[in-house]
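Rule-based calculations on the coordinates, nothing more; no lab input. Small disclaimer: the values here were computed from a predicted structure and weren't measured. Here the Cβ is made from the backbone with ideal geometry for all residues, glycine too, and neighbour counts use every protein chain on show.
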Amino acid sequence: MKTTLDRTWLSRILSTLAASLCLGAIAPGVRGGSPDGLIPRPFSMQGHEGRFRLSPSTCVAASGVATNEARKLVEALAPALGFRMKWVEQPAARDCIALEIEASMRERLGEEGYELDVRPERVVVRAPAPAGLFYAIQTLRQLLPPAVCGSERAEGVAWEVPAVQIVDHPRFQWRGLLVDPARHFIPVRDLERYLDVMAMHKLNRLQIHLTDDQGWRLEIRKYPELVRLGAGMDFTAIQRGAGAGTGRAGGFYSQDEIRHLVRYAAERYVTLVPEIEMPAHTGAAIVAYPMLGLYPDKLTALAPEKRWTAHEGVVAPRPRTVAFFQDVLAEVVELFPSPLIHIGGDEANIEHWKKSTEMQAFIRERDLKDEAGLHSWFIRQMDEYLTGRGRQLIGWDEILQGGLAPGAVVMSWRGEEGGVAAARADHAVIMAPTSHTYFDYYQGPAEKEPKAIGGFVPLEKVFRYEPIPAALGPDRARYVLGAQAQIWGEFISTPEHRLYMTYPRACALAEVLWAPKVEERDYAGFLRRLAVDAERLKHLQVRYRPW
Ligand code: ACM
């Protein structure tokens, strides 16, 4: 009996030591937070003795632009803590979390970096900009017990943060996810929740695929038929065929809702990147405005579904189609402050242009050489329009064919080749290859998983992904802005399913994009931290795939 007690006592001491010195496994019996559950892993972390305890007397000190982050911190923790920490302007020496902006740190840490110094008597957060404070607060939240993510007061929890000193900044600036309300509409509330969880993992771009053959989801004032006809289609071809899901396909975002979402995302340092597909994946636009299609007269007589399958949603890139999409972009740039505007550009079935006498004549008239030249000409019209309004065009890697529009950014999805070619031609690149970042692909054995579009992208594969292609030398690596995971929506019709496909793979992606590059990635260590993150996800009521 005595031996058992001794052993328990010894193991407690050893584990506490491990937690406070080596930042090893979570110490059993310690009810406070742990430094071993951080996702993504910070750039550097050093453990110290002791713990900082949050209580109703704890104050959060901030002034100027830091005040906003202080308010968010207090509000984010209040539901689980059951009390609101007090906001004060001047930091106190004890029992205080001080948030400070220190512009001189920018050169060393960049816009998103921070320093977090937790000591038993106080916490100091310093960052060159508010984004850094926000990320420090996410780290602080992750250092607390996972119950801090709950929406109701948690009883019997020691709200303690282990004493650590963290210096942190991201490896990549673009840490993205894509969601697809075009295939199955995603209500505003679900997008808000989605943003909450991604921001907690320091992901900072959410591309919304607003238009496709199956639906147009953005109110455009100049062309009301886009949502009147193009958003009401309670149907996706694949959903019907496979019987997958019961979620509603139809719906659209009003411009007021978009403004709200842009603000909501910005408060979490996420940029909403709108994607308006062209010149293909445009079936819903053609349904609403048949003049965009190759055969406007024939189209009006066809049912929507037939129009898509007959013409595969490719517009006729004639000047009035260019004017139409530029009008759409005019409203898009008013709504979305994102410096980059995504125009799709993928999977245009140019066979339809080959067969069209009108398009062939147009190619000859403009000396465009062939259909790839026509595609490129169309993309250039959009590029010039966006550039003229101080924005940059981004598109899937097909925009490389027939010559790349100057200044355009490439999203490399068909492997790495597009990214490599673009970076070699001095274009910025975001890596989004199907092989590692298509989160609509299966993450386990198909017979045990909900029906998916195909493929296989398991968690470990995402974790081991290296966004800088080996074919790029160090001089070109800087063109790779980061990477993005795609959660295409053909088979995903509910928020739970979307979260299940996203997590925990998005945790692995966050780690790849934020944590510093190391020779050998420690997957076992990542899984240990992920176990803590899973507790957080449970408290947030986020469905994830067990691994
Ligand atoms: C894509 O998956 N067509 C970009």
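Please identify the GluC sites (Glu not before Pro) of segment 112-203 that satisfy two criteria: DSSP loop assignment and at most 15 other Cβ atoms within 10 Å. Which are they?
GLU121, GLU152, GLU155
What size of dipole, in debye to the nearest 20, comes out for segment 430-536 about its Cα centre when the only charges are +1 on Lys and Arg C-beta atoms and -1 on Asp and Glu C-beta atoms?
140 debye
About the Cα centre, and with charges only on the beta carbon of Lys, Arg (+1) and Asp, Glu (-1), how big is the dipole of segment 100-176? Nearest 20 debye, please.
160 debye
Using the charge dipole of the chain (Lys, Arg: +1 at Cβ; Asp, Glu: -1 at Cβ; taken about the Cα centre), state which of MET431, ALA78, TRP174 has its Cα farthest towards the positive end.
Farthest towards the positive pole: ALA78.
How many angstrom lie between the C-alpha centres of segment 85-102 and segment 157-194?
Answer, in whole Å: 25.
Report D for segment 340-400 in µm² per second (integer): Stokes-Einstein, Kirkwood Rh on Cα pairs, 20 °C, 1.002 mPa s.
175 µm²/s
Over segment 431-546, what number does the Rg to Rh ratio reach, with both radii from the alpha-carbon atoms and Rh per Kirkwood?
That ratio is 0.98, to two decimals.
Straight distance only, please: which lysines reach the Cα of LYS86 with their own Cα at less than 30 Å, same-chain residues fewer than 8 apart left out?
Straight-line reach from LYS86, under 30 Å: LYS72, LYS202, LYS538.
Determine the percent antiparallel among the DSSP beta bridges restricted to the chain, to the nearest 5.
Expressed as a percentage, antiparallel bridges in the chain total about 30.
Compactness ratio of segment 55-149: Cα Rg over 2.2 N^0.38 Å, N = residue count?
Output field value: 1.01.
Can you compute the charge dipole magnitude of the chain about its Cα centre, using +1 on each Lys and Arg Cβ and -1 on each Asp and Glu Cβ, nothing else charged? Give it in debye, rounded to the nearest 20.
1160 debye
Can you quote the Å³ per residue value for the convex hull of the Cα atoms in the chain, rounded to an integer?
Cα-based convex hull of the chain, divided per residue, equals 161 Å³.
At 7 Å along the Cα-to-beta-carbon direction for both LYS461 and THR434, put a label point, then send me their distance in nm to one decimal.
That separation, rounded to one decimal, is 1.1 nm.
Take the alpha carbon atoms of segment 338-389, find their center, do the same for segment 464-498, and report the distance between the two centers in whole angstrom.
Their Cα centres are 26 Å away from one another.
Could you pull out every one of the aspartates and glutamates with an alpha carbon less than 13 Å from that of LYS354, ignoring same-chain neighbours closer than 8 positions?
Once the sequence-local aspartates and glutamates are set aside, what remains near LYS354 is ASP370, GLU371.
Which shape class, rounded, prolate or oblate, goes with segment 100-188 when its Cα gyration tensor gives a ≥ b ≥ c as root eigenvalues, a/c under 1.5 marks rounded, and past that a/b bigger than b/c marks prolate?
Because a/c hits 1.5 or more and a/b fails to exceed b/c, segment 100-188 counts as oblate.
Considering the alpha-carbon set of segment 463-506 alone, what are its Rg and its Dmax in angstrom?
Radius of gyration, then largest Cα-Cα span, for segment 463-506: 15.0, 43 Å.
Fewest Cβ neighbours within 10 Å first, please rank LYS448, LYS517 accordingly.
With the sparsest Cβ surroundings first, the list reads LYS448, LYS517.
Which of CYS507, GLY313, PRO146 sits farthest toward the positive end of the charge dipole of the chain, with +1 on the Cβ of Lys and Arg and -1 on the Cβ of Asp and Glu?
Farthest towards the positive pole: PRO146.
Would any residue of segment 90-104 have its amide N under 17 Å from a label point 7 Å out along Cα→Cβ of LYS72? List them or say none.
Correct set: 98-102.
With a ≥ b ≥ c the root eigenvalues of the C-alpha gyration tensor of segment 392-476, is it rounded (a/c under 1.5), prolate (a/b larger than b/c) or oblate?
Judged from the Cα gyration tensor, segment 392-476 comes out prolate (a/c at least 1.5, a/b above b/c).
Suppose a student asked you for the relative contact order of segment 454-543, using Cα pairs under 8 Å spaced at least 6 residues apart; what percent would you report?
Once normalised by length, the contact order is 40 percent.
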